[in-house]
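Novice: Let me give you the structure first, and then I'll get to my questions.
The values are calculated or read from the model by the stated rules, or taken from the named source; none is laboratory data. Predicted, not measured: the structure shown is a model, and the values here were computed from it. Note that we place each Cβ from the backbone using ideal geometry, even for glycine, and neighbour counts take in every protein chain shown.
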């Protein structure tokens, strides 16, 4: 490490504890702790094994896909629904990682996936989730995600329509065009 960097004062102030610390010392400690953790958990042949934890987006998107295929009541979707429910934060939403803060996109997907699998929107925790989603901006804020899903579905539907009869494609495009224009109007449907 360059001497000029070491000799400079890089201080931080923690307003909670009132302590002043040296930023370089904190960074060095973090690097050493990270290295030591990885070394302790490394297998003899050099790899690491740990549980991969994340948010519920994969389960939610899987349910959305299965619903598109008309299979939202399959056992696997019910298992996904149970997992999504188990990851609900006490504050009424879902997060990007276990114990993390509320995330609007993750929560919107989870809420909609649960609705598709038959979970009642009248349950107290579903009402709380709905309120959190709407307070955070609702569907208008996550419209890009829905646009991508609609594009995926539109592509699939167009291929199906073309396979059976080319004229259906124009009806489908008209429907999708109208549907995409009123996405913001879908909020009452998704979060009644």
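Novice: Could you check how many residues of the range 66-78 are outside any loop (DSSP other than H, G, I, E, B) and over 12 Å from residue 112 (Cα atoms)? Give the derivation first.
Specialist: Pass one, the range 66-78, residues outside any loop (DSSP other than H, G, I, E, B): 66-68, 75-78.
Adding the requirement that they be over 12 Å from residue 112 (Cα atoms) leaves 66, 68, 75-78.
Total satisfying the criteria: 6.
Novice: In this structure, is residue 88 in contact with a helix residue (DSSP H, G or I) (Cβ under 9 Å, 6 or more places away or on another chain), within 23 Å of residue 134 (Cα to Cα) and not in a helix (DSSP H, G or I)?
Specialist: yes
Novice: Looking at residue 62 and the list (1) crowded, with 18+ Cβ neighbours inside 10 Å; (2) outside any loop (DSSP other than H, G, I, E, B), which single condition is not satisfied?
Specialist: Condition not satisfied by residue 62: (1).
Novice: Let me ask something else. If we keep just the residues of the range 1-50 that are assigned to a loop (DSSP other than H, G, I, E, B) and modelled with pLDDT of 75 or more, which is nearest to residue 96 (Cα to Cα)?
Specialist: Restricting attention to the range 1-50, the residues satisfying the condition of being assigned to a loop (DSSP other than H, G, I, E, B) are 1-2, 8-10, 14-19, 43-47, 49-50.
When the remaining residues are screened for being modelled with pLDDT of 75 or more, the result is 43-47, 49-50.
On the way: 43: 28, 44: 32, 45: 31, 46: 29, 47: 25, 49: 21, 50: 18 Å.
Step by step, filter the range 1-50, then rank; the result is 50.
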